[in-house]
1. Filter the stretch 5-47 for residues that are of a type outside the set (Gly, Ala, Ser) and touching a helix residue (DSSP H, G or I) at 6+ places or on another chain (Cβ under 7 Å); which is modelled with the lowest pLDDT?
2. Which of the helices (runs of 4 or more DSSP H) found entirely inside the stretch 172-241 contain at least 1 residues meeting this: modelled with pLDDT of 90 or more and of a type in the set (A, V, I, L, M, F, W, C)?
3. Does residue 90 qualify as being within 22 Å of residue 201 (Cβ to Cβ) and either at pLDDT 90 or above or under 18 Å from the mean Cα position of the chain (by Cα) (or both)?
4. Which of the residues that make up the stretch 82-94 are part of a helix (DSSP H, G or I) and closer than 25 Å to residue 185 by Cβ?
5. Could you tell me how many of the residues in the stretch 135-164 are surrounded by fewer than 20 Cβ atoms within 10 Å (Cβ to Cβ), free of Cβ contacts under 8 Å to residues at least 60 places away in the same chain and either of a type in the set (Lys, Arg) or within 20 Å of residue 97 (Cα to Cα) (or both)?
6. Could you give every pair whose Cβ atoms fall below 9 Å, whose first residue belongs to the stretch 10-26 and is within 21 Å of residue 179 (Cα to Cα), and whose second residue is of a type in the set (Phe, Trp, Tyr) and surrounded by 14 or more Cβ atoms within 10 Å (Cβ to Cβ), counting only separations of at least 6 or pairs across chains?
7. Looking at the stretch 151-171 only, could you name the residues that are out of contact with any Leu (no Cβ under 8 Å at 6 or more places or on another chain), of a type in the set (A, V, I, L, M, F, W, C) and either farther than 17 Å from residue 131 by Cβ or part of a helix (DSSP H, G or I) (or both)?
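The values are calculated or read from the model by the stated rules, or taken from the named source; none is laboratory data. These numbers were taken from a predicted model, which means no experiment stands behind them. A quick note on method: Cβ atoms are made from the backbone with ideal geometry, for glycine too, and the neighbour counts reach across all protein chains shown.
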Amino acid sequence: MISVQHLTKRYGKFTAVNDVSFSVPNGEVFALLGPNGSGKTTTLKSIVGLIHPTSGTITINNIDVSQQSTLAKEYISYLPQRVVFPENLTAREVMQFYGKLRKLSHEYIEETLSAAQFNGYADKYIGEFSGGMIQRLGLAIAALPDAPILLLDEPTANLDPHGVKRFREFVLEQKGKGKTIVFTTHLLPEVEQLADRVGIYVGGKLAALESIENLQSTFLKTGSIEDLYLHYVGNLDNDHH
């Protein structure tokens, strides 16, 4: 289980995340939804251990991320918001490199590569890839280790409709294996179709924390989840005027 308690991260006078608390039980798909710059990525990087919080605590399976970062990372596979790979390597070579780092078998690496459905692009150079293909390669690498927790930052960025469909299948496949998935997004369709619960970020704060079922059953009487999202973002805009 992931537990985030009173997480705050400041950069000088700027507060990127302001006293955020939530927990994610094992096997749940949890979405962090919010506009760009609302604190989603900072929160995810703090969970991974890439950012040290100004205050607050984060634990993964009761392991304090700040105090035992290396041990906590054994439970995690992480896809950053922007993935970059050497342009002179093929997708297969990149997968083999990361697979060997994880001490995975050649057969397992090939199975994961095949499941990613590169459709003949596995032996093409990264320099020939579109942004969407690079993102799909990043997802394939995130799926390589048999980690119980997947942390995905804007995983559908640059994906074409086929890539988005494949991502949704990927999340459902991983959930079917009992994995815990936390992903950030500013796109509502992914949240409505994939998440069990959603945390709505506005201005570095957790403005709402609800199950998708509750949002659909209560808010849809007067509007849509999109209306709810725009309601919180609209309040942020009004606060700035």
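1. By that ranking, first place goes to 35.
2. Ranges flagged: 188-194.
3. Answer is no for this residue.
4. Passing the criteria: 91, 94.
5. 1
6. 22/30; 24/30
7. Of everything in the stretch 151-171, just one residue is out of contact with any Leu (no Cβ under 8 Å at 6 or more places or on another chain), of a type in the set (A, V, I, L, M, F, W, C) and either farther than 17 Å from residue 131 by Cβ or part of a helix (DSSP H, G or I) (or both), namely 164.
So that you can scan it fast, the table gives a plain yes or no per residue for (1) surrounded by fewer than 17 Cβ atoms within 10 Å (Cβ to Cβ); (2) more than 13 Å from the chain's Cα centre (by Cα); (3) farther than 19 Å from residue 65 by Cβ; (4) of a type outside the set (A, V, I, L, M):
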| site | (1), (2), (3), (4) |
| --- | --- |
| 3 | no, yes, no, yes |
| 6 | yes, yes, no, yes |
| 17 | no, yes, no, no |
| 22 | no, yes, no, yes |
| 38 | no, yes, yes, yes |
| 42 | no, no, no, yes |
| 49 | no, yes, no, yes |
